[in-house]
Amino acid sequence: MASAAEQLASNLNFSAFAKADELKRRLLFTITILIVYRFCTYVPLPGIDPDALARFFEQQRSMGGSMLDVVNVFSGGALQRMSIIALNIMPYISASIIMQLLTTMSPALAAMKKEGEAGRKKINQYTRYGTVLLTAVQGYGLALTLQSGGMVSAENAGAFFQASTVISLVGGTMLLMWLGEQISARGVGNGISLIIFAGIVAELPRAFAQIATSNMSTLATLALIAGAIGLIYLIVWVERAQRRILIQYPKRQMGNRMFQGDTSHLPLKLNTAGVIPPIFASSILLMPLTVASFSSSQDGGPAWVNTFTALLGQGQPLYLALFAAGIIFFAFFYTSIVFNPSDTADNLKKHGGFVPGIRPGKRTAEYINYVLVRLTVVGAIYLAIICTIPEFLRAKNAIPFALGGTSFLIMVNVTMDTVAQIHSHLLAHQYEGLIKKSKLRGGRKK
């Protein structure tokens, strides 16, 4: 017989949305924050020469594009307009990576993480300090390259421009970080992921226009559309794939009543890390490449910079190899952070659950880890293929980054997670309605 939760889930529909006031407020809040984010992409840094900046990006596109296009898509066009959020949320992601690495290496930080909510707040505070430091360093480097590249008006060049750029970029990145946290706390979905998602979606019209005005044949365009549809289907199929480990619970007696044993499943996703690995790998590769791309625009740039950008250019073997290696590393690293087999085995043991044929405790943890590692191998290979092969084809055929594998992976995953949260809110609203009805019926009987 289906449980009450299963019955509610099967009857779940959006007709209940009109009565879910809390969900509507959350959705409206999320949309408002994303609109604010889009407005911020049009607030320029002080002192920038817009004509020189436009000529620089036009030159980059005429040369077949560069890594600047990738950063520009992630920032929703903010880099091309050189707005106060040109660095987007990438410094915060880089600081999060550093903090998570330090947490695994430092016993003090590891102990702090186990303190619960208080420890999490402390780690988040350290992450914010790291974000400010990284943004200041990257902002200063960007100010120098803009100034030496002739993209700053002559009357504004100098120390004042450098200071104002650093302050503006730090303020913009911290604003984005705060907006993302507000969405996570008071809206629907993960705020940081939704900000990246909004940036990619905002660049889709320009990507479609670029395809429409290109010399691509009709057959190639149809092949691109078919490939995009197939890629979306593959991502949805893999992201929903699970390996379910059977869990059994023995018979137990409570008072004078004997309860029969029950069975359930421990679901392990094929891709436990989600979109984090490609985002982390991109953030590590993109910032040095961005500075190098700006530097190479200065009268040809130093020879070593040109060599560096050439080796790590779009579709180049070294870039694809480093990108794939970063994705695989972060797939294992992030999975080890979000899922601890030992803790799961201990929780099962406390509640009397066990895997058939496996002893509770250490043996169960080893078995769960055995399954998880093999799932992560498949998931990491899937992520590497999804993100690198379309990247190679995109570079060879001048396809915009917004139509690449990484972009589709982020858009599909964020959409699925957000829809799942909406369903959860609707389900909770239906539960509240049932509880109220039961109370009313109980009062009438009395």
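The values are calculated or read from the model by the stated rules, or taken from the named source; none is laboratory data. Everything numeric here is computed off the predicted structure, so don't read it as measured data. Virtual Cβ from ideal backbone geometry, glycine too; neighbours counted across all protein chains shown.
Summary of values
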{"quantity": "Unmet criterion (only one of (1) crowded, with 18+ Cβ neighbours inside 10 Å; (2) within 26 Å of Phe329 (Cα to Cα); (3) of a type outside the set (D, E, K, R)) for Ala110", "calculated": "(1)"}
{"quantity": "Top-ranked residue in segment 105-144 [being out of contact with any Phe, Trp or Tyr (no Cβ under 8 Å at 6 or more places or on another chain), within 19 Å of Ala159 (Cα to Cα) and of a type in the set (Gly, Ala, Ser); ranked as modelled with the highest pLDDT]", "calculated": "Ala136"}
{"quantity": "Among (1) modelled with pLDDT under 85; (2) surrounded by 14 or more Cβ atoms within 10 Å (Cβ to Cβ) - the single one Ile33 does not satisfy", "calculated": "(1)"}
{"quantity": "All helices (runs of 4 or more DSSP H) inside segment 63-182 with 2 or more residues being in contact (Cβ under 8 Å) with a residue 12 or more places away in the chain, within 20 Å of the chain's Cα centre (by Cα) and on the phi > 0 side of the Ramachandran plot", "calculated": "none"}
{"quantity": "Segment 148-177: number of residues that are under 10 Å from Ile48 (Cα atoms) and crowded, with 19+ Cβ neighbours inside 10 Å", "calculated": "4"}
{"quantity": "Candidates Thr263, Thr272, Thr221 - the one that is at pLDDT 85 or above and of a type outside the set (Asp, Glu)", "calculated": "Thr272"}
{"quantity": "Residue check, Leu194 in contact (Cβ under 8 Å) with a residue 12 or more places away in the chain, of a type in the set (A, V, I, L, M), assigned to a helix (DSSP H, G or I) and at negative phi", "calculated": "yes"}
{"quantity": "Which listed residue, of Pro288, Pro278, is modelled with pLDDT of 70 or more, farther than 18 Å from Val355 by Cβ and either in a strand (DSSP E or B) or not β-branched (Val, Ile, Thr) (or both)", "calculated": "Pro278"}
{"quantity": "Segment 178-209, subset under 27 Å from Leu45 (Cα atoms) and of a type in the set (S, T, N, Q), residue surrounded by the fewest Cβ atoms within 10 Å (Cβ to Cβ)", "calculated": "Gln182"}
